[in-house]
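One structure is given below, encoded as structure tokens.
The values are calculated or read from the model by the stated rules, or taken from the named source; none is laboratory data. This structure is a prediction, so every number in the text was calculated from the model and none was measured. We place every Cβ from the backbone using ideal geometry, glycine too, and count neighbours over all the protein chains shown. All accessible areas refer to the heavy atoms of the entire protein, side chains included, with ligands and DNA or RNA removed. Shrake-Rupley method; radii C 1.70, N 1.55, O 1.52, S 1.80 Å.
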Amino acid sequence: MTRLGDVQRNETRCETRSTLLTVLLWLVTAVIVVAMLLRMLPNNLDGKRYVPLVVALIPWLGLFSAVIAVFALTIRRIGKRRMLAALSAVCVVIQVAWHWGYIVPAASPAAQSMATVRVMTFNTKQGVADAQQIVETIREEHIEVLAMQEVSSDLLNRLNDEGIADYLPYSVTPQTTWHDNGGVNVLYSAHPLQETTENLIPIESSSIPAATVVLNGRNVRFGSVHPFSPRPRNQGLWNKSLDSIAQLQHYGNNESYVLMGDFNSTWDHASFRYLLGDRFTDAGQSAGEGLHMTFPAVFPIAEIDHIIYDKGVRAADLATKRIQGSDHLALLATLTIA
């Protein structure tokens, strides 16, 4: 009787564990499906409350779907495991399709002659980032155009003291305003700057300094951007600042645009894809070099810093770099200008 009772108790415990595992896996799958539905919300709805924060984690949810599918196929005690495996597999396939550009690179622009330029964008966390390391990175990575966000006057002074002008002697720095988003955006260049402006377009977040650089006989207009973050207290401002940047789809068709900065959004946000429109391409989503998470710096889980560009431009050699003092990683790339 004792042995029979032990067997029954063991079976009961196994059934309980199987039931809990089944409930847990189905619950996680339900959360993933809801998050994927939120990703499909239109541009005017994806900024509601916590929606942007959930959607920013979509690539990780794809990984969870793959793990759940494996569990469902290998653990026989999971209830309705074939249905769970099939649903999880569908989630994985959809997410791979959404992020295909991170896996397979886009076709290179066809041209007889091309120019390359090494670029970097970096959010300095209200100017507390290590100026010496920034300048060292510029030198070691041969950076030719640098966009920075949340820059303070103190950081500008420290950069000058570290000799940034020896590598990037040309720059555009806007005047501080009441709507600066943690500090001003700045633009540095190793090449002479033409048609400089402290604010490229009317925008409610920090001003967009911009300038034109001649590369391979083409006018390439660079800008440093930093729209508001999608925190609940910024309801509406996040969408509005991204929509403002989207206006550039209709600007200056006689020159190519390259916009770099902390966009506070990922490829999975409808507002970011609306910003790109038919004109702009995101470097991360087209280079076929995988995800380059940039925030937070200690354990990056979201790719919110971007380099986006016009037709005729292509990105390669994407990389992130930790610079002390900032909560973002710097994002670097080599751009080919056809």
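Would you check if residue 272 is free of Cβ contacts under 8 Å to residues at least 40 places away in the same chain and either touching a Ser or Thr at 6+ places or on another chain (Cβ under 7 Å) or within 19 Å of residue 205 (Cα to Cα) (or both)?
On the way: free of Cβ contacts under 8 Å to residues at least 40 places away in the same chain: yes; either touching a Ser or Thr at 6+ places or on another chain (Cβ under 7 Å) or within 19 Å of residue 205 (Cα to Cα) (or both): yes.
Yes.
Test residue 284 against the stated conditions and say whether it is within 20 Å of residue 209 (Cβ to Cβ) and buried (at least 21 other Cβ atoms within 10 Å of the Cβ).
no
Taking the criterion of being free of Cβ contacts under 8 Å to residues at least 24 places away in the same chain and part of a loop (DSSP other than H, G, I, E, B), would at least one residue in segment 162-170 satisfy it?
Among the residues of segment 162-170, at least one is free of Cβ contacts under 8 Å to residues at least 24 places away in the same chain and part of a loop (DSSP other than H, G, I, E, B), which makes the answer yes.
Count, please, the residues in segment 12-64 that happen to be open to solvent by 40 Å² or more (accessible area, probe 1.4 Å) and either at pLDDT 90 or above or within 25 Å of the chain's Cα centre (by Cα) (or both).
Summing the residues that are open to solvent by 40 Å² or more (accessible area, probe 1.4 Å) and either at pLDDT 90 or above or within 25 Å of the chain's Cα centre (by Cα) (or both) in segment 12-64 gives 23.
Among the residues of segment 120-132, are any part of a helix (DSSP H, G or I) and not aromatic (Phe, Trp, Tyr)?
There is at least one residue in segment 120-132 that is part of a helix (DSSP H, G or I) and not aromatic (Phe, Trp, Tyr).
Scanning segment 260-317 for residues that are of a type in the set (Ser, Thr, Tyr), over 24 Å from residue 142 (Cα atoms) and outside any loop (DSSP other than H, G, I, E, B), which turns out nearest to the chain's Cα centre (by Cα)? Steps first, please.
Let us first name the residues in segment 260-317 that are of a type in the set (Ser, Thr, Tyr), namely 265-266, 271, 274, 281, 286, 294, 309.
Filter once more, so that each one left must be over 24 Å from residue 142 (Cα atoms): 265-266, 271, 274.
Adding the requirement that they be outside any loop (DSSP other than H, G, I, E, B) leaves 271, 274.
Details: 271: 13, 274: 14 Å.
Among those that are of a type in the set (Ser, Thr, Tyr), over 24 Å from residue 142 (Cα atoms) and outside any loop (DSSP other than H, G, I, E, B), it is 271.
Would you point out which residue out of 35, 72, 66 is in contact with a Lys or Arg (Cβ under 7 Å, 6 or more places away or on another chain) and assigned to a helix (DSSP H, G or I)?
One residue alone meets the criteria, 72.
So which of 239, 199, 253, 219 is open to solvent by 10 Å² or more (accessible area, probe 1.4 Å), farther than 30 Å from residue 165 by Cβ and outside any helix (DSSP H, G or I)? Step through it out loud before you land on a result.
Numbers: 239 fails: outside any helix (DSSP H, G or I); 199 fails: farther than 30 Å from residue 165 by Cβ; 219 fails: farther than 30 Å from residue 165 by Cβ.
Only one candidate passes the filter, namely 253.
Just give me the residues in segment 182-194 being modelled with pLDDT under 95 and either open to solvent by less than 30 Å² (accessible area, probe 1.4 Å) or closer than 15 Å to residue 248 by Cβ (or both), in sequence order.
Restricting attention to segment 182-194, the residues satisfying the condition of being modelled with pLDDT under 95 are 182-183.
The one that is modelled with pLDDT under 95 and either open to solvent by less than 30 Å² (accessible area, probe 1.4 Å) or closer than 15 Å to residue 248 by Cβ (or both): 183.
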